[in-house]
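The values are calculated or read from the model by the stated rules, or taken from the named source; none is laboratory data. Fair warning: this is a prediction, and the values are worked out from it, not measured in the lab. Please note: Cβ atoms are built from the backbone with ideal geometry, for glycine as well, and neighbour counts cover all protein chains shown. Accessible surface areas use protein heavy atoms only, side chains included; no ligands, DNA or RNA. Shrake-Rupley method; radii C 1.70, N 1.55, O 1.52, S 1.80 Å.
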Amino acid sequence: MNRRINIVPSNAPEYFYFQVLTYSASLGSFDCGIPEYNDYLTIDAFRSMSDHIALTWLLTERITYQITAYMSLIMDAIKLSFTEKELHRLNYPFRTIPSMKIAKLAVDIHFSEKYKGIGTYMIDSAKHLALSCNETHCAARFLTVDADIEHDQGILAFYKKNGFIPNTELYNKNRSTVSMRKDIYED
C-alpha cells in the first residue's frame, strides 16, 4: 500500500509551486470529480478574472507540472450578530465585517490519492494572502466560504477541521451551501 505524502506549509514548496492562473497555463486534465468545478477552471475562471470578479490561484506539482488544486478568491463582507462579534472579541459598531472569500476550491482526485492535506494547504495559502493584503492594500478580518454540501456532504467537517464556523446570520436550511467563516487572527 502506498502512503500518501502529508503536505504542510514547511514541505509544500518541495512538491508544488503556487501561482495565479494565466492564459498560458496548461490546465491539462484537471479533474476534481465535480464537472461544475472542472468547467469553472477551464471556462469561467478566465471570464471571472477578465471581469475583475475573482482571482484564481493554481497549485502545480513540480515533477509533472500538472494542476493539483485551484482556488478562486474574491472580496466579501459578512453580517455578524452581536453574539457572533463577541465570539471574536470585535468591538466594532457595524454588523458588516470585511472578508476574503474562497469562492471555489477544488483538488484533483488523482493528486488527492497521492497527497494528503492539499485542501488544508490551500486554505492556509488563502489565509496568508489575506494577511498580506491586510498589510499592504486593504483589510479583511475573515476568510469566508459557502461550503458546497450539494456536491460533498463531508465538506462541512473539512471546513470545521480547518477552523471555519457557520455564519448564523446567513444560515438557511434550504440552501445547497452553508456560509462559514474563519477569523484569520485566531488559531
By the gyration tensor of its Cα atoms, with a ≥ b ≥ c the square roots of the eigenvalues, what is the shape of the stretch 91-187: rounded for a/c under 1.5, prolate for a/b over b/c, or oblate? oblate
Candidate residues H88, H110: accessible-area rank, largest first, probe 1.4 Å: H110, H88
For the chain, what is the calculated [θ] at 222 nm in deg cm²/dmol (nearest 500), taking -39500 (n - 2.57) for each run of four or more DSSP H residues and dividing by its residue count? -7500 deg cm²/dmol
How tilted is helix 118-136 with respect to the longest principal axis of the chain? Cα atoms for both, answer in degrees (0 to 90, nearest 10). 60
Using a cut-off of under 17 Å, list every residue of the stretch 107-132 whose amide N is near the label point 7 Å from the Cα of H151 along the Cα-to-beta-carbon line. 107-113, 118-120, 122-123
Approximate shape of the stretch 1-78 as ellipsoid semi-axes (Cα gyration tensor, √5λ), whole Å, largest first: 24, 15, 13
Solvent-accessible surface ranking, highest first, for I7, I34 at 1.4 angstrom: I34, I7
For Y23, Y115, Y40, give the ranking by accessible area with the largest first, probe 1.4 Å. Y23, Y40, Y115
For the chain: span of alpha carbons on each principal axis (Å, largest first): 50, 38, 35
Could you check how much of the accessible area of the stretch 46-154 is carbon and sulfur, as a whole percent, using a 1.4 Å probe? 55
Compare the peptides 156-162, 60-66 by average per-residue count of other Cβ atoms within 10 angstrom and give them in order, highest first. 156-162, 60-66
